[in-house]
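Where a number appears in this text, it was derived from the coordinates with a stated rule and is not lab data. As the structure is a computational prediction, the values presented were derived from the model and not from experiment. Glycine also receives a Cβ, built like all others from the backbone with ideal geometry; neighbour counts cover every protein chain displayed.
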Amino acid sequence: MSKPVLGLVLGGVLGIFDGLTAWFTPEVRNELPFIIMGSTGKGLVAGLLIGLLARKLKSVPLGVLCGLLIAAAVTYPIAANPDPNTGKVYFWQIILPGSLVGAIVGFATQKLPTKQAESSRTAAA
């Protein structure tokens, strides 16, 4: 599996769990399906960008940092706007889980072997 595909899949799956963290904010529980869909989309976009960048990087700490920053950048426009129903801004409740998803995807795309890495290992043996 290539790094962009790994980032896309992992970002999407973790995006679902990112959206599920909204359950801990009782005021927005009625919007949970839309939050999960939005977080999944956010995770897909960030995961793809992180995976594309991971093809150039060869450093786990740099991959984690870049993943965190990319996910924070993708998440920021959503986190900075107030909820239309309550008027409250849930900045940290949105930015922290979203950035954590980016850090995990950044780690995974650097650490987990890809199909190209496996084929080069078998060719060298």
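Computed from point charges on the beta carbon alone (+1 for Lys and Arg, -1 for Asp and Glu), the dipole magnitude for the chain about its Cα centre is near 600 Debye. Of the residues 109, 25, the one with the fewest other Cβ atoms within 10 Å heads the list, and the complete ranking is 25, 109. Here the simple spin-label model places points 7 Å from the Cα toward Cβ, and for residue 59 and residue 86 these points are separated by 3.9 nm.
Normalised by the residues of the chain, what does the relative contact order come to in percent, with Cα pairs under 8 Å and at least six apart?
On the way: 209 pairs, mean separation 40.1, N = 125.
Once divided by the residue count of the chain, the mean separation gives 32 percent.
If one computes the Cα centroid of the range 81-106 and of the range 11-51, what distance in Å separates the two points? So the two Cα centres are separated by 9 Å. In terms of other Cβ atoms within 10 Å, 56, 111 run from fewest to most in the order 56, 111. Placing R0 at 30 angstrom, the Cβ-Cβ distance between residue 32 and residue 111 gives a FRET efficiency of 0.40 after rounding to 0.05.
Given the choices (i) 1.01; (ii) 0.97; (iii) 1.08, Rg/Rh (Cα atoms, Kirkwood Rh) derived from the coordinates of this structure is entry (iii).
What value, in deg cm²/dmol to 500, does the helix sum -39500 (n - 2.57) over DSSP H runs of n ≥ 4 give at 222 nm once divided by the residues of the chain? Display every interim value, and only then the final one.
Values: 5 runs with 92 residues, N = 125.
When only DSSP H runs of four or more count, the value is -25000 deg cm²/dmol.
Modelled spin-label separation between residue 20 and residue 5, with each label point placed 7 Å from Cα along the Cα-to-Cβ direction: 2.6 nm.
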